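What follows is a short report on a single structure.
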Amino acid sequence: MAATTPTDPTGLPRSGIRAVSFDAGSTLIHWLTHPRDRFGMLCRLAGIPIDESMFRAAARACARYQQDNPLPGDLGDASREWWRGLDISGLKAAGVTGDLVGMADRIIATAQSLDPRWVLDPDVPAVLDALRQRGMRLAVVSNWDGDLEERLGALGIARYFMFIADSTVIGVRKPDPGIYRTTCAAIGVPPEQCMHVGDSPDTDGAVARAAGAVPVIYDPLDCWDGVDLRVNRLMDVLALL
């Protein structure tokens with residue numbers, strides 16, 4: 001069930017929305033599997049037993065760590081320490097004790113050994129079909145590394161979107177509103193008639209507000225109390241329109 005505020009804080013009637021944009025990673029698509037299952041899966045593969053009843057708590061701790069500690073831009077020691085901190089947060093939340101640093105390093109090594117793989121959020125096909133049937137113009141606005149259109153094409157969903165704003169291609173990253181204004185110009189809809197759906201209040205929420213669009217936070221782990229509008233499933237977006 002959607003968790004939302006009863007009114008749109010922008011004052012824009014929901015019927016005035018003509019376009020919906022989405023973030024890519026952790027919204028339309030997920031690395032390996034859905035975030036609620038990923039940490040538990042990596043622990044199993046690393047040989048670290050976690051009670052399945054603790055998967056959600058561990059995943060929620062990881063999500064909060066990511067929000068509170070932005071990933072360093074470099075891929076050296078600082079990045080490794082970031083990943084170690086994330087995994088230790090998950091292990092603690094799951095009630096695991098012992099050599100947490102050693103276990104975190106095993107999780108990191110396991111993740112690095114896996115072939116990169118992205119999967120669709122389970123609601124994506126039905127949501128995109130429903131939005132297109134309603135006549136909505138669709139776009140993607142994502143901080144990505146240059147191959148987003150190809151990635152979404154391989155997953156069979158690039159065809160739904162009038163415009164795919166890959167930050168590396170556009171040259172502007174969220175939360176800079178320039179990337180969103182470029183998207184709105186490309187699809188021919190002003191920002192105030194657009195709704196943007198993404199998993200991060202600090203990037204997705206901020207870019208939508210700065211551009212004048214309606215922000216909706218995809219929050220499957222119930223992490224973000226206090227945001228204006230949030231949904232637990234992508235399917236719940238349909239009820240907001």
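The values are calculated or read from the model by the stated rules, or taken from the named source; none is laboratory data. Keep in mind the model is a prediction, meaning the values are calculated, not measured. Note: ideal-geometry Cβ built from the backbone for every residue, glycine included; neighbour counts use all protein chains shown.
Would you please name the residue that is surrounded by the fewest Cβ atoms within 10 Å (Cβ to Cβ), looking only at residues in region 212-224 that are in a loop (DSSP other than H, G, I, E, B) and out of contact with any Cys (no Cβ under 8 Å at 6 or more places or on another chain)? Filtering region 212-224 for residues that are in a loop (DSSP other than H, G, I, E, B) and out of contact with any Cys (no Cβ under 8 Å at 6 or more places or on another chain), the one surrounded by the fewest Cβ atoms within 10 Å (Cβ to Cβ) comes out as ASP222.
Would you pick out the residues in region 17-50 that are of a type in the set (Gly, Ala, Ser) and within 30 Å of PHE161 (Cα to Cα)? The answer is ALA19, SER21, ALA24, GLY25, SER26. ASP129 - would you say it is loosely packed, with under 12 Cβ neighbours inside 10 Å and either of a type in the set (D, E, K, R) or over 29 Å from ARG151 (Cα atoms) (or both)? Here the answer is yes, as ASP129 does meet what is asked.
Candidates LEU91, LEU71, LEU86: the one that is surrounded by fewer than 17 Cβ atoms within 10 Å (Cβ to Cβ), among the aliphatic types (A, V, I, L, M) and outside the structural domain of ASP166 (by TED's automatic domain parsing) is LEU71. Is it fair to say ASP236 is touching a residue at least 60 places away in the same chain (Cβ under 8 Å), assigned to a helix (DSSP H, G or I), closer than 25 Å to PHE39 by Cα and acidic (Asp, Glu)? Yes. The condition of being without any contact (Cβ under 8 Å) to a residue 40 or more places away in the chain and either under 18 Å from VAL141 (Cα atoms) or within 12 Å of the chain's Cα centre (by Cα) (or both) holds for only one of PRO201, PRO190, PRO220, that being PRO190.
Of the residues making up region 206-238, just one is at pLDDT below 95 and small (Gly, Ala, Ser), namely GLY226. Only one entry of ARG209, ARG173 meets the criterion of being basic (Lys, Arg) and surrounded by 18 or more Cβ atoms within 10 Å (Cβ to Cβ), and that entry is ARG209. Cβ separations smaller than 7 Å between residues 6+ apart or across chains give the following pairs from region 20-38 residues that are in contact (Cβ under 8 Å) with a residue 40 or more places away in the chain to residues that are among the hydroxyl-bearing types (Ser, Thr, Tyr): SER21/THR183; ASP23/SER142; ALA24/SER142; GLY25/SER142; THR27/TYR218; PRO35/SER26.
When residues in region 225-241 are screened for being within 18 Å of ALA61 (Cα to Cα) and surrounded by 19 or more Cβ atoms within 10 Å (Cβ to Cβ), 0 of them pass. Answer with yes or no whether THR203 is of a type outside the set (Lys, Arg), farther than 21 Å from ALA239 by Cα and buried (at least 23 other Cβ atoms within 10 Å of the Cβ). No: the conditions fail for THR203.
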